[in-house]
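In what follows, a structure is listed as structure tokens, so that the remarks can point back to it.
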Amino acid sequence: MTDTEPPADAARMFLGQDALSQRDDGFVIDCPECGSSTLLADVVREGRCSGYDDVTGCGADLWLELAWDS
């Protein structure tokens, strides 16, 4: 495992097209732990949601994984 890979026992979810919303500043998803709207760019850059250890007390570490079939 590298620093960019989630632990093997990490919870996973699949996001459909309805899971993404677009704002003026980019695409967002809702954090699966606390529900905070979080920019995808922030998930990639910081590995956390916008509510991490803030008002919500969220402790989720987040990763994005790209999968494809050809």
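Nothing in this text is a laboratory measurement; each read-out follows from the coordinates by a stated rule. Treat the numbers as computed from the prediction; the structure is a model and nothing was measured.
Cα-based radius of gyration for the chain, normalised by 2.2 N^0.38 Å, reads 1.13.
Using Cα-Cα distances under 8 Å and only pairs 6 or more residues apart, what relative contact order does region 19-70 have, in percent?
Reported as a whole number, the value is 23 percent.
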